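Asker: Below is one structure. I have some questions about it.
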Amino acid sequence: MVSARQPLPEALAKMAILLRACGLTDASFALCDQADSVERIMLTEVVRAGTWRKQGDVQQTVAAFERALALEPANWSLYLDLADVRAEQGDFTSAVRLIDQGMRYEPTELSLRAAGAAYRARLTGSPADLSELIELAPNLPNDSYRDLLIDHACAGPALPAELVAAARRIQNS
């Protein structure tokens, strides 16, 4: 058994992902705890966040992502993950703030830029931000994430109908 040998915490965290995928969330959390007993690493907290998210506990999800950020504060992907959770909660102000923090570390990252444009469009109704998302969206590698960002953006206040229609066409392509 992997956990019986005192492996590296990365190996335990990866095994915890598998357990979560199999629906064994308690075992996944236990393996994360075991990984922490070897060494606290960012990946373990990300696995915990995903497991809490699967269970529908947003507060614990956020707490785990925040602990991951404390361990690796320059990791742009963690800012994006946490921003996405905040957006799911309808807190677009926090989502935009988190994206801006992530942009300090990876200003050209496509997913960060697209999420930032989407969340700003949703928050402020900015046509410029929706236009930026329309430009970036076709290049996003994950269609479901692209469509989610477009849904968020198109719900922004008083956006021009022609821009909303252009964004929706990307979803339907």
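Asker: Out of 74, 27, 49, any idea which swings most in a Gaussian network model of the chain, alpha carbons joined below 10 Å?
Answerer: Among 74, 27, 49, the largest GNM mean-square fluctuation belongs to 27.
Asker: Let me check something: with ligands and nucleic acids excluded, how do 146, 113, 40, 169 order by accessible area (1.4 Å probe), largest to smallest?
Answerer: Output order, biggest surface exposure first: 169, 40, 113, 146.
Asker: If you take all C-alpha pairs in the range 23-99, what percent of them are over 22 Å apart?
Answerer: 22
Asker: Continuing with this model, one more query. What's the long-distance tail for the range 128-173, i.e. % of Cα pairs beyond 15 Å?
Answerer: 29
Asker: Just to verify a number: what accessible area does residue 71 come out at with the full protein assembly present, 1.4 Å probe, Å² rounded to tens?
Answerer: Here the accessible area works out near 70 Å².
Asker: Could you pull the accessible area for residue 93 with a 1.4 Å probe, rounded to 10 Å²?
Answerer: The accessible area comes out at roughly 90 Å².
Asker: With a 1.4 Å probe and all protein chains kept in place, how much accessible area does residue 52 have, in Å² rounded to the nearest 10?
Answerer: Accessible area of residue 52: about 60 Å².
Asker: Next up: Put 44, 108 in order of accessible area, largest first, 1.4 Å probe: what do you get?
Answerer: So, going from the largest accessible area down, we get 108, 44.
Asker: First compute the accessible area of the chain with a 1.4 Å probe, then give the percent of it belonging to carbon and sulfur atoms.
Answerer: 53
Asker: Apply the Karplus curve 6.51 cos²θ - 1.76 cosθ + 1.60, θ = phi - 60°, to the phi angles in the range 81-97 and return the couplings in whole Hz, x for Gly and Pro.
Answerer: Those phi angles translate into 4, 5, 4, 5, 5, 4, 5, 4, 7, x, 9, 6, 5, 5, 4, 5, 4 Hz.
Asker: Averaged per residue, what accessible area in Å² does the range 42-108 show with a 1.4 Å probe, protein chains only?
Answerer: With all protein chains present, the range 42-108 gives 46 Å² per residue.
Asker: Hey, another quick one. Take the Cα radius of gyration of the chain and divide it by 2.2 N^0.38 Å, with N its residue count; two decimals is plenty.
Answerer: The chain yields a ratio of 1.15.
Asker: Regarding the range 76-122, what whole-number volume in Å³ per residue does the convex hull of its Cα atoms give?
Answerer: Value for the range 76-122: 50 Å³ per residue.
Asker: To continue, here is another question. If you line up the long axis of helix 110-124 against the longest principal axis of the chain, both from Cα atoms, how many degrees apart are they, to the nearest 10?
Answerer: Approximately 60 degrees, to the nearest 10.
The values are calculated or read from the model by the stated rules, or taken from the named source; none is laboratory data. Since the structure is predicted, the reported quantities are computational estimates derived from the model, not experimental observations. Ligands, DNA and RNA are stripped out before the accessible areas are found, and what is left, the full protein with its side chains, is counted by its heavy atoms. Shrake-Rupley method; radii C 1.70, N 1.55, O 1.52, S 1.80 Å.
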